[in-house]
Amino acid sequence: MRRILRIAIACATVALTAPASGQTGDPIATLVARLDLEKYKATIKGLTQFGDRRQGTDRNRAAIDWIEAQLKSYGCPTDRIHYEYKAPPADGRGRGNTGRGANQAQGGGRLRGIRTRTGVNTDPMKQPDEKLRALNVQPASDGPREEAFCTKVGTTHPDEMYIVGGHMDGHGWGEAANDDGSGTALVMEVARVFASPDVQTDRTIRFILWNNEETGTNGARAYVAQRQTLQGTKDEPKWLGMIQHDMMLFDHGMPREDGTMSREQRPEADVNIEFQANSKMAAESQKLAWLFEAANEKYASDYPAHVGSHMTNTDSGPFQDLIPAISLRENERGAEIGAGWDPQWHQPTDLYVTYTDKDFRLGLNAAQTTLGAIAQLTGATIKGVR
Ligand SMILES: [Zn+2]
């Protein structure tokens, strides 16, 4: 009796997880099953060969070349945005040093519970690995900047487009593996799946790897400044939504009283989908967030998603008053990351080796969520799968 029950439970489990394996008649499930944990990890690892990829350095430019070459190799046609960046006069504070007031002013939510110190590490000697320290040594200089993107052109509505982004620059004397190698690799992995020659979409998707996020979302601002008014012309499809991915891996919970953290991904880890309640497009953005939550429910293999109203401090910000805009993250940026839930944030410890497969899998689940939602929104189909 007990044995039969166990078999029945095993069968039910198989039935529940079957859609993720594809060939079920749902082309979106087949696409989601093409996302690959090992490829995702390999892309993050590939990004870390350029150290922290700080904007305005040779290692940043080399990383952009590498990203563009990967996108091309997937069969996704690439292009670049060009802009100028000049650092404002130094005031001795990193942008990560946003205290309670700053988070609230930007709609980042109220900090509660245990808080630990956050900030940007600027001391090279805090990086014990000499090779990595040498790799990160060139300082940023003002001047021309670039950022790479690739585009999947829609078949029936090529002039309407979703923008899927992450930022490729980092800082803090580590490898910027999580912030934001994890979001960059997610965008690249989703681009790889959509670029497959047997995949068609009705609408267009642009996959963009922003530069200069860490200096104040200047790469995303440059895109809006250059292209907002071009929408609807042959040079720029109309924007339907912007989906940002920034810090995807680490959800180990609140710091303990003594400032230490759990070494394990917490069992209740989730993908945090945020919109900005104080933006002009709050209602539309909230609707988009719930659509992503439903896609997670249907297609993500391990971790659930939760919707919050405090999107802040990332590249979806410059879009939030113009079009539906959301961010996907490991934690809420304001009240959680801002309170010290990610001890690697902008630190020398943000290294590929810091994270385990349970962490990488949270990033993969966000990729499954975005791929599922975007495939639905753009009417994705696969030749031979109906
Ligand atoms: Zn970031």
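The values are calculated or read from the model by the stated rules, or taken from the named source; none is laboratory data. Source: prediction; values computed, not measured. Glycine also receives a Cβ, built like all others from the backbone with ideal geometry; neighbour counts cover every protein chain displayed.
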Selection from the stretch 180-224 of residues aromatic (Phe, Trp, Tyr) and over 14 Å from the mean Cα position of the chain (by Cα) yields Phe194, Tyr223
query: Can we say Gly166 is surrounded by fewer than 24 Cβ atoms within 10 Å (Cβ to Cβ), within 12 Å of the ligand (Cβ to nearest atom) and under 29 Å from Val353 (Cα atoms)?
result: no
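I want to confirm something. Restricting to the stretch 320-359 and keeping residues that are in a helix (DSSP H, G or I) and acidic (Asp, Glu), which single residue is surrounded by the fewest Cβ atoms within 10 Å (Cβ to Cβ)?
By that ranking, first place goes to Asp357.
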### Message
Residues that are under 29 Å from Phe275 (Cα atoms), over 19 Å from the mean Cα position of the chain (by Cα) and modelled with pLDDT of 95 or more: does the stretch 86-94 have at least one?
### Response
yes
Thr151 passes all but one of the listed conditions (1) away from the ligand (no atom under 13 Å from the Cβ); (2) part of a loop (DSSP other than H, G, I, E, B); (3) under 23 Å from the mean Cα position of the chain (by Cα); (4) of a type outside the set (Phe, Trp, Tyr); the exception is number (2)
Restricting the stretch 183-221 to residues that are touching an Asp or Glu at 6+ places or on another chain (Cβ under 8 Å), more than 21 Å from Asp159 (Cα to Cα) and in a helix (DSSP H, G or I), the one nearest to the ligand (Cβ to nearest atom) turns out to be Gly183
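Return yes when Glu160 is under 30 Å from Asp129 (Cβ atoms), more than 16 Å from the ligand (Cβ to nearest atom), assigned to a strand (DSSP E or B) and more than 18 Å from the chain's Cα centre (by Cα) and no when it is not.
Numbers: under 30 Å from Asp129 (Cβ atoms): no; more than 16 Å from the ligand (Cβ to nearest atom): yes; assigned to a strand (DSSP E or B): yes; more than 18 Å from the chain's Cα centre (by Cα): yes.
So Glu160 does not fit the description; no.
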Only one of Ala300, Ala283, Ala295 is aliphatic (A, V, I, L, M), more than 16 Å from the ligand (Cβ to nearest atom) and within 27 Å of Gly219 (Cβ to Cβ), namely Ala295
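Taking the condition among the basic types (Lys, Arg) and touching a helix residue (DSSP H, G or I) at 6+ places or on another chain (Cβ under 9 Å), does Lys298 pass?
Details: among the basic types (Lys, Arg): yes; touching a helix residue (DSSP H, G or I) at 6+ places or on another chain (Cβ under 9 Å): yes.
So Lys298 passes the test.
Take the conditions within 23 Å of the chain's Cα centre (by Cα), under 25 Å from Arg256 (Cα atoms), surrounded by fewer than 15 Cβ atoms within 10 Å (Cβ to Cβ) and modelled with pLDDT under 60 and apply them to Asn97. Does it pass?
On the way: within 23 Å of the chain's Cα centre (by Cα): yes; under 25 Å from Arg256 (Cα atoms): yes; surrounded by fewer than 15 Cβ atoms within 10 Å (Cβ to Cβ): yes; modelled with pLDDT under 60: yes.
Spelling it out, Asn97 is indeed within 23 Å of the chain's Cα centre (by Cα), under 25 Å from Arg256 (Cα atoms), surrounded by fewer than 15 Cβ atoms within 10 Å (Cβ to Cβ) and modelled with pLDDT under 60.
What is the residue count in the stretch 237-272 for residues that are more than 16 Å from the ligand (Cβ to nearest atom) and either touching a residue at least 24 places away in the same chain (Cβ under 8 Å) or buried (at least 18 other Cβ atoms within 10 Å of the Cβ) (or both)? Step through it out loud before you land on a result.
Taking the stretch 237-272 and keeping what is more than 16 Å from the ligand (Cβ to nearest atom), we get 237-241, 252-270.
Adding the requirement that they be either touching a residue at least 24 places away in the same chain (Cβ under 8 Å) or buried (at least 18 other Cβ atoms within 10 Å of the Cβ) (or both) leaves 237-241, 252-257, 259, 261, 264-265, 269-270.
Count: 17.
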(1) surrounded by fewer than 23 Cβ atoms within 10 Å (Cβ to Cβ); (2) touching a strand residue (DSSP E or B) at 6+ places or on another chain (Cβ under 7 Å); (3) more than 16 Å from Val164 (Cβ to Cβ) all hold for Glu297 apart from (2)
